[in-house]
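Participant: Next up is a structure, given as structure tokens.
The values are calculated or read from the model by the stated rules, or taken from the named source; none is laboratory data. Worth saying up front: this structure is predicted, and the values here are computed from it rather than measured. Positions of Cβ are backbone-derived with ideal geometry, glycine not excepted, and every protein chain shown enters the neighbour counts.
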Amino acid sequence: MSTNDRTLWTLTGKDALTFLQGLVSNDLRPLEAAPGIVWTALLTPQGKYLADFFVVHLPDGQRLIDIATPLAADTLRRLTLYRLRADVQIQPAPLGVVRGLGDPPPEALADPRHPALGWRLYHADPGPEAPIDWNAIRVTHVIPESGVELVPDDSYILEAGFERLHGVDFRKGCYVGQEVTARMKHKTELRKGLVRVRVEGDAPPGTEILAGGKPAGTLFTRSGDRAIAHLRFDRADQPLEAAGAKVWLDTAEPV
């Protein structure tokens, strides 16, 4: 089922979790016995991001995949190609999902990425979402969004903060793109990544950031005078501008 720009699938079959375990960036074994949510990513063999999604074990025992609708069709096609003879079925779920903050309703599950993102409730009739400025929350805590800061065939999950946001596990063993991701973690220092910046002036998302006329990054989600940007760290301490707007690194670390 598709709801609120999310597509939900049921995940059944005796091989369902082990099948996904060998494909995605995070460890799904905690979902074998207990309700919860794991945020994870599907990568190319070269380690580039293809899609991120939640794998969910509901209190009633159902298992789901919760993915951004624009990524759903291509991701389902890839999962089907990988399935081969595994006993796993992925079907539309007769459920919807809503997000919220504060006291969670019964059977809601905490968003695993960050406490500031509250909870997610999966239900046949979940009701409307409360009006919450999720972009402001994402900017404050530098949390990427599917199809915005996370760009298929372009982004790298470590540059996007997946380690800080509990979206990758370095002890789980092999998965598609694992070798490149592990090498970025252990053998190199990240030269680029998502950061929070201050912006003075009018610069819409997608605007290129320049440092002394040289490309330094891209401006993404903006909330007030702050924004998420993908930035080259070796140029972050120089005067920056984007379409005439002044940009500078917000030195407070995301928490």
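Participant: Just name the residue that is surrounded by the most Cβ atoms within 10 Å (Cβ to Cβ) out of those in the stretch 140-162 that are part of a loop (DSSP other than H, G, I, E, B) and of a type in the set (Ser, Thr, Tyr).
Facilitator: SER155
Participant: Tally up the residues in the stretch 4-29 that are loosely packed, with under 14 Cβ neighbours inside 10 Å and in a helix (DSSP H, G or I), please.
Facilitator: The number of residues fulfilling the criteria is 1.
Participant: Output the residue which, of all residues in the stretch 39-64 that are in a strand (DSSP E or B) and among the hydroxyl-bearing types (Ser, Thr, Tyr), is nearest to PRO94 (Cα to Cα).
Facilitator: Checked the stretch 39-64; the qualifying residue nearest to PRO94 (Cα to Cα) is THR40.
Participant: Related question: Step by step: first the residues of the stretch 116-131, then only those that are at pLDDT 95 or above and over 30 Å from GLY22 (Cβ atoms), then the one that is surrounded by the most Cβ atoms within 10 Å (Cβ to Cβ). Which residue is that?
Facilitator: Here the answer is GLY118.
Participant: Of the conditions (1) out of contact with any strand residue (DSSP E or B) (no Cβ under 7 Å at 6 or more places or on another chain); (2) at pLDDT below 95; (3) among the small types (Gly, Ala, Ser), SER223 clears all except one; give me its number.
Facilitator: Of the numbered conditions (1) out of contact with any strand residue (DSSP E or B) (no Cβ under 7 Å at 6 or more places or on another chain); (2) at pLDDT below 95; (3) among the small types (Gly, Ala, Ser), the odd one out for SER223 is (2).
Participant: Scan the stretch 178-214 residue by residue and report those that are touching a residue at least 24 places away in the same chain (Cβ under 8 Å) and assigned to a loop (DSSP other than H, G, I, E, B).
Facilitator: LEU190, ARG191, GLY201, ASP202, ALA203, PRO204, PRO205, THR207, GLY212
Participant: How many of the residues in the stretch 208-230 are farther than 30 Å from ILE132 by Cα and either among the basic types (Lys, Arg) or not assigned by TED's automatic domain parsing to the domain that holds ALA243 (or both)?
Facilitator: 1
Participant: Does the stretch 75-126 hold any residues that are in contact with a Pro (Cβ under 8 Å, 6 or more places away or on another chain) and not aromatic (Phe, Trp, Tyr), and which are they?
Facilitator: LEU95, GLY96, VAL97, VAL98, GLU107, LEU109, ALA110, GLY118, LEU121, ALA124
Participant: Which condition from (1) farther than 24 Å from ARG226 by Cα; (2) outside the structural domain of PRO92 (by TED's automatic domain parsing) is the one that TYR122 breaks?
Facilitator: Result: TYR122 passes all but (2).
Participant: Find all pairs meeting these conditions: Cβ atoms under 8 angstrom apart; at least six residues apart or on different chains; first residue within the stretch 153-167 and outside the structural domain of PHE53 (by TED's automatic domain parsing); second residue in a loop (DSSP other than H, G, I, E, B) and at pLDDT below 95.
Facilitator: Partner pairs satisfying both residue conditions: LEU158/LEU190; GLU159/LEU190; GLY161/PRO254; ARG164/PRO254.
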